Every structure is written in C-alpha cells, then in structure tokens.
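Below you'll find the structure, written out as structure tokens, and then a few comments.
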Amino acid sequence: MANYHVTKNKNLGLWGAKREGAERSSGYFETQAEAEKAAKHFAAKNGGGEVKIHTPKGPIRDSDTVAPGNDPNPPKDKRY
C-alpha cells in the first residue's frame, strides 16, 4: 500500500504528487486536479492507499482512499 500527498512546490509553482516518505515528487503538474488524478493512479498501481490533498499553504484539505486500500473512516451512507 502506498500513500501519496498532493502539494504545491513554491519554487516551481507546480503541483506535485509525492509518495509518503519519498524525497522527491513522482511528478509535477500544472493544476492540483492533474496532480490529484496522477497520485490516485500511482496509489492504485501500488496496491491502493490514501491520497492527501493539501492547500497551497500546506494544511491537508481533503483525503481519498484508493482501492484496494482500507478506509480508516468509511462513510456511513453506503449509497455514495
């Protein structure tokens, strides 16, 4: 399982998809949406995990579980 973080690189002005514990980003993207999509793809290829999306200033604003990872807080509403 691999967890990824989507963060803004202030020096480059680009969004990065970085595996948790890695020194470098797996890739840089023009938009946060592109970086999030890539991070979810990378996580899925590595057995699933959490993708944590950060604001441009740094705090986590959202997170998604990528299958087949285990969601630590599954939604109670199973319809979505």
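The values are calculated or read from the model by the stated rules, or taken from the named source; none is laboratory data. On a predicted model such as this, the values are computed, not experimentally measured, just so you know. Neighbour counts are summed over all protein chains in view; Cβ atoms, including those assigned to glycine, are modelled from backbone coordinates with ideal geometry.
Side notes on the structure shown:
- The condition (being within 9 Å of the chain's Cα centre (by Cα) and of a type in the set (S, T, N, Q)) is satisfied by just one residue among N3, N9: N3.
- So G16, is it surrounded by 15 or more Cβ atoms within 10 Å (Cβ to Cβ) and not aromatic (F, W, Y): yes
- Hits in region 2-13 - residues which are surrounded by fewer than 16 Cβ atoms within 10 Å (Cβ to Cβ) and either touching a helix residue (DSSP H, G or I) at 6+ places or on another chain (Cβ under 8 Å) or assigned to a helix (DSSP H, G or I) (or both): none
- Residues of region 19-40 classified as surrounded by 16 or more Cβ atoms within 10 Å (Cβ to Cβ), not in a strand (DSSP E or B) and not hydroxyl-bearing (S, T, Y), total: 7
- Of the residues making up region 44-65, those that are within 18 Å of G16 (Cβ to Cβ) and either at pLDDT below 90 or among the polar types (S, T, N, Q) (or both) number 3.
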